[in-house]
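Heads up: the structure comes next, in structure tokens.
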Amino acid sequence: MDITIIGTGYVGLVAGACFSKAGHNVISLDTNVERINGLNNLELPIFEPGLKNIITKSFKEKRLKFSTSYKQACVNKVIFICVDTPSKKNGEADLTNLKKVLNSLAEFIQPGAMLITKSTVPVGTGKFIKSFFDNKFANREMNLRFCSNPEFLREGSAVRDFLKPERIIIGCDSPQGRKIMEEIYHPIDKKIFNKMIYMSVSSAELSKYAANAFLATKISFVNEIAKLSDKVGANIHEIKSALGSDSRIGDQFLNAGLGFGGSCFPKDLNALYYLEKKFKLEPSIVKTVLALNNSQIDYFYNKIKKHYGRSLKNKTICFWGLSFKPNTDDVRDSMAISLINKLSKEVKYLRLYDPVANKNAKMVLSSLSDIEFFENMYDALHSSDCLIIATEWELFSKPDIKKLSFLKDKLIFDGRNILDADQLNKYNIIYNGIGC
């Protein structure tokens, strides 16, 4: 099948690559000329495990093309919209880029085309898109079809999630549209029909927000229990094993730490809370989850301040981890970045390391003068008084403990609870986690 993907961010780039891997012919469109030129030279704008190999192979086999031309992209009648929907200051999802896409499509879209929204959009967006084209082509029979197909990709494992999905949500009102979606996804997995869940467009749109809000709630809940554990002398790792063994709860998203960040959870929860306020639904679990998450950095920061006393002005601190989660270079809404901004005003110096996110972190921290980036995690330890672990990269969980003796104060603040406190204590290294 011939498919067009509009947008080459995380969702669009992964979708285009994986659809082409499945055998479809894909045109990936973006109006960012620099980005498209880079992609045509096989230079990816993001780090995502496994993505470059798929793109390189599909590009060389001419199943994947990159373009800035809507005229060229609209040759295909199946069009996925994968543009960003960032938060406005009031939390509402900003549909500016989506509306730009609709105006550009209106100029070239073919009769009988099918528009599929993969972007995370507020409930009612599907109706808005249909109304937009109904008005544009009021005097012309276009027979356009519309579908909501929200993505559930996790940065760092997006390729695997796309090729081996747990479920595929299809919000589509027409049998013909459903058949097209089955033809699109069938080559990915012959048993894919068992994973397809059909519903209305509005339900599909709300399902994405609901899923992210529920997962975020688990994170904020366990962080609240972790703070209580600190007060009463309990251990959050032991509590997690008790909770996770309950099949009704499960053990995922029960890792206490600095809280959630990234480009999805904060944005989607803010948009969901905006919708709740619009319909005057109070009190709000979503509002509480956001507040708890926002307070987690202060809680961890106060742990550091309490250990050292009132002043940190003579301290040099090493940071391991800058991305909002492991296996990605994405630093958007990273708790590590938030903590660095907070501590830079208090300390003498910060020495920073991340396996892949240094470049992006340098851009967002460019205003700070008391930081230095390192290409080796152990080099960053030298001359540091203590270590903060802010992202749960696997290589941080099994460090060379002898090299941790480089730390002047023999002190670690583990913001992700990934180290073995008992093992560190054998080497006289002081360990501070969250709730343990």
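The values are calculated or read from the model by the stated rules, or taken from the named source; none is laboratory data. Model, not experiment: these values are computed from the prediction. Don't worry about glycine lacking a Cβ; one is built from the backbone with ideal geometry, like all the others, and counts go over all protein chains shown.
Structural remarks
- Pairs, first free of Cβ contacts under 8 Å to residues at least 24 places away in the same chain in the range 395-411, second of a type outside the set (Ser, Thr, Tyr), C-beta under 8 Å, six or more apart: 397/418; 397/419; 399/377; 399/419; 410/404; 410/428; 410/429; 410/430
- Among residues of the range 388-422, those that are of a type in the set (Lys, Arg) and buried (at least 19 other Cβ atoms within 10 Å of the Cβ), counted: 1
- Taking first residues from the range 144-155 that are within 16 Å of residue 264 (Cβ to Cβ) and partners that are buried (at least 20 other Cβ atoms within 10 Å of the Cβ) and acidic (Asp, Glu), the Cβ contacts under 8 Å between residues at least 6 apart in sequence or on separate chains come to 150/205; 155/48; 155/330.
- Qualifying residue in the range 26-37 (condition: farther than 28 Å from residue 269 by Cα and among the acidic types (Asp, Glu)): yes
- Residue within the range 349-362 that is over 18 Å from residue 407 (Cβ atoms) and among the hydroxyl-bearing types (Ser, Thr, Tyr) present: no
- Search result, residues across the range 334-343 that are surrounded by fewer than 18 Cβ atoms within 10 Å (Cβ to Cβ) and outside any helix (DSSP H, G or I): none
- Scanning the range 29-67 for residues that are aliphatic (A, V, I, L, M) and part of a strand (DSSP E or B), we see that the one that is farthest from the chain's Cα centre (by Cα) is 64.
- Residue satisfying all of: in the range 92-118; part of a strand (DSSP E or B) and either under 23 Å from the mean Cα position of the chain (by Cα) or of a type in the set (Lys, Arg) (or both); farthest from residue 136 (Cα to Cα) among these: 93
- Residue that is nearest to the chain's Cα centre (by Cα) [pool: residues in the range 183-194 that are over 20 Å from residue 120 (Cα atoms) and not aliphatic (A, V, I, L, M)]: 189
- Residue match in the range 376-387 (condition: without any contact (Cβ under 8 Å) to a residue 60 or more places away in the chain, surrounded by 22 or more Cβ atoms within 10 Å (Cβ to Cβ) and not in a loop (DSSP other than H, G, I, E, B)): no
- Filtered by the rule that a residue be under 19 Å from the mean Cα position of the chain (by Cα) and among the basic types (Lys, Arg), the range 342-399 gives a lone residue, 359.
- Conditions (1) β-branched (Val, Ile, Thr); (2) touching a Cys at 6+ places or on another chain (Cβ under 7 Å); (3) part of a loop (DSSP other than H, G, I, E, B): number failed by residue 434: (2)
- Test: residue in the range 267-275 that is assigned to a loop (DSSP other than H, G, I, E, B) and outside the structural domain of residue 51 (by TED's automatic domain parsing): no
- Of all the residues in the range 6-57, those that are without any contact (Cβ under 8 Å) to a residue 40 or more places away in the chain and among the aromatic types (Phe, Trp, Tyr) number 0.
- Any hit, the range 194-210, residues being out of contact with any strand residue (DSSP E or B) (no Cβ under 8 Å at 6 or more places or on another chain), more than 15 Å from residue 167 (Cα to Cα) and outside any helix (DSSP H, G or I): no
- Residue within the range 298-305 that is in the same structural domain as residue 410 (by TED's automatic domain parsing), in contact (Cβ under 8 Å) with a residue 60 or more places away in the chain and within 19 Å of the chain's Cα centre (by Cα) present: no
- The condition (being crowded, with 23+ Cβ neighbours inside 10 Å and in a loop (DSSP other than H, G, I, E, B)) is satisfied by just one residue among 11, 83, 26, 75: 83.
- Within the range 218-266, the set of residues being closer than 20 Å to residue 390 by Cβ, within 24 Å of the chain's Cα centre (by Cα) and of a type in the set (A, V, I, L, M) comprises 219, 222, 226, 254, 256, 258.
- Filter result for residue 66 (touching a helix residue (DSSP H, G or I) at 6+ places or on another chain (Cβ under 8 Å) and over 20 Å from residue 212 (Cβ atoms)): yes
- Candidate set from the range 131-182 (those that are assigned to a strand (DSSP E or B) and among the aliphatic types (A, V, I, L, M)); member that is farthest from the chain's Cα centre (by Cα): 170
- Residue match in the range 279-288 (condition: in contact with a Lys or Arg (Cβ under 9 Å, 6 or more places away or on another chain) and touching a residue at least 24 places away in the same chain (Cβ under 8 Å)): no
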